[in-house]
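The values are calculated or read from the model by the stated rules, or taken from the named source; none is laboratory data. Since this is a predicted model, take the numbers as computed values, not measurements. With ideal geometry, Cβ positions are generated from the backbone for all residues, glycine too; neighbour counts draw on all protein chains shown. Each accessible area value is taken on the protein alone, full model and side chains, heavy atoms only, with ligands, DNA and RNA left out. Shrake-Rupley method; radii C 1.70, N 1.55, O 1.52, S 1.80 Å.
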Amino acid sequence: MASPRFLQEADSISYLNQRQAAEIDEILMGPLGFSVDQLMELAGLSVATSIAEVYKPPEFNRVLAICGPGNNGGDGLVAARHLHHFGYKPFICYPKRTAKALYNGLVTQLESLSIPFLSVEDLPVDLSTDFDIIVDAIFGFSFHGSPRPPFDDLIQRLVAFGDFSQKHQKSPVVVSIDIPSGWHVEEGDLSGEGIKPEMLVSLTAPKLCAKKFSGGHHFLGGRFIPQYIADKFMLDRPEYFGTSMCVRIGKPPQVDISALRENYISPEFWEDQAEADPFVQFQKWFDDAMASGLREPNAMALSTAGKDGKPSSRMVLLKGLDKDGFVWYTNYESRKAQEISQNPYAALLFHWDILNRQVRVEGSVEKVSDEESEQYFHSRPRGSQIGAIVSKQSTVIPGRQYLHQQQEELEAQYSNGSLIPKPKHWGGYRLKPESFEFWQGQTSRLHDRYDCETLTWLIIYG
């Protein structure tokens, strides 16, 4: 699931009142053919991916989902199931179970995963000792009146975690689904003493009360809303990127950059596990990166320096690997090409964050043969072939319209399917390794680092 890295300004999003929210649900489950369980599944997945975007295990691992008797509670049950598969350890408090097949099925699914169900009496007096995240899935936008037992007490226990400025470091964060429980769907926390969640995950579109949300993280999970709904209710919707099921609304909270850190948890990489041939070791790790689902595992940082010794770096894509080295393709008139002509040495860096791994490769660089460049050029999509001709890397052009005009002219010229000639200024380079370094992140900055030039272990501190 791709991460929602892009922001949507809060002022550019549409907000729904209670009547509109109910009407949209009726249309979705009526003329548009959605079932309740389909919408619940989409909502729960949106909640789980929002949580996973901000709160990473192992720092935030133990999740308590407090689920009410309605659809909001069902969203919480689904979210808990997905969080289990994402590597979290969920617990469920579901005091008032709904005797419908849909909800019974969700309970069965959770029980089959050995996810514990806790009664209200089983909950610790101090929730902060046992949980890192509490999912508020108690009441949704259709709730009316005052909360009844046991939910009134549960809501009050969540209120205690709402003062972010005074909150104890180990207190759990509260994540509310669609509406913070106890809030008025349009007017918000009328008493001023309600739940103040750190994260709100709005569904379909934010409700009016979300304008008064003051926590650090507001996400929207409504990618499944058809254009018909958007047009009928004149919804200004955010853009979802990649395969993301959620998108952030507004800016993230200010953070202390110096405090940003990950405590890597990885299998130990022992010296006797390393292949004698560094090419074989690289291929093993590259295969792992491919299998991980990482986007563009062949992306690598290429660092070069000209005769002035000033280094420059950029991301390029690995397009070939054999016993002779690492191959990539580019414009021979670009800055990197000019620097390589002046100083034919370079460094490559592969970073596979999902696996907590990186590989550094350094060596001499030479052009690949014209035959090799020609063969690769014609293996590319025709649009990429035209792009290689149009793109004058590292040069100033009048504007993007200039590129589009040239692209359209070339597309027309070769619209008959004739062979597109490889430009002389385009081709490949091969880096012949003189050294490899394999790095595996570990806890407390005691990383594994294997240098295949000196064949020694280095332990990095700090």
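Annotations
- Filter result for the condition that a residue is out of contact with any Leu (no Cβ under 6 Å at 6 or more places or on another chain), free of Cβ contacts under 8 Å to residues at least 40 places away in the same chain and surrounded by 18 or more Cβ atoms within 10 Å (Cβ to Cβ), over E296, E339: E339
- Of the criteria (1) assigned to a helix (DSSP H, G or I); (2) over 19 Å from F224 (Cβ atoms), which one P57 fails: (1)
- Looking across S444, S415, S394, one residue alone is polar (S, T, N, Q) and modelled with pLDDT of 80 or more. It is S415.
- Qualifying residues in segment 79-94 (those that are over 19 Å from the mean Cα position of the chain (by Cα) and either modelled with pLDDT under 95 or closer than 21 Å to K56 by Cβ (or both)) - the one least open to solvent (accessible area, probe 1.4 Å): P90
- Residues (open to solvent by 70 Å² or more (accessible area, probe 1.4 Å) and in contact (Cβ under 8 Å) with a residue 24 or more places away in the chain) located in segment 354-373: I354, R360, E362, E366, K367, D370
- Within segment 182-200, if we keep just the residues that are in contact with a Cys (Cβ under 7 Å, 6 or more places away or on another chain) and assigned to a strand (DSSP E or B), the residue that is least open to solvent (accessible area, probe 1.4 Å) turns out to be G188.
- Filter pass, L235 being outside any loop (DSSP other than H, G, I, E, B) and not acidic (D, E): no
- Contact annotation: residue pairs with Cβ atoms under 9 Å, 6 or more positions apart or on different chains, pairing a residue in segment 437-462 that is farther than 18 Å from V361 by Cβ and part of a loop (DSSP other than H, G, I, E, B) with a partner that is among the hydrophobic types (A, V, I, L, M, F, W, C) and modelled with pLDDT of 75 or more, are G441/L355; Q442/F269.
- Within segment 255-270, the only residue that satisfies the criterion of being closer than 27 Å to E434 by Cβ and open to solvent by 90 Å² or more (accessible area, probe 1.4 Å) is W270.
- Residue pairs meeting the criteria (Cβ under 6 Å; at least 6 apart or on separate chains; first modelled with pLDDT under 80, in segment 264-290; second of a type in the set (A, V, I, L, M, F, W, C) and open to solvent by 30 Å² or more (accessible area, probe 1.4 Å)): E271/W457
- Looking only at residues of segment 367-383 that are in a helix (DSSP H, G or I) and touching a helix residue (DSSP H, G or I) at 6+ places or on another chain (Cβ under 9 Å), we find that the one that is modelled with the highest pLDDT is F377.
- Here A137 meets each of (1) in contact with a Ser or Thr (Cβ under 9 Å, 6 or more places away or on another chain); (2) at positive phi with one exception, condition (2).
- When residues of segment 103-146 are limited to those that are of a type in the set (D, E, K, R) and closer than 20 Å to A160 by Cα, the one surrounded by the most Cβ atoms within 10 Å (Cβ to Cβ): D136
- Any hit, segment 428-439, residues being of a type in the set (K, R), open to solvent by 30 Å² or more (accessible area, probe 1.4 Å) and at pLDDT 85 or above: yes
- Odd one out for S391 among (1) open to solvent by 80 Å² or more (accessible area, probe 1.4 Å); (2) in contact (Cβ under 8 Å) with a residue 60 or more places away in the chain: (1)
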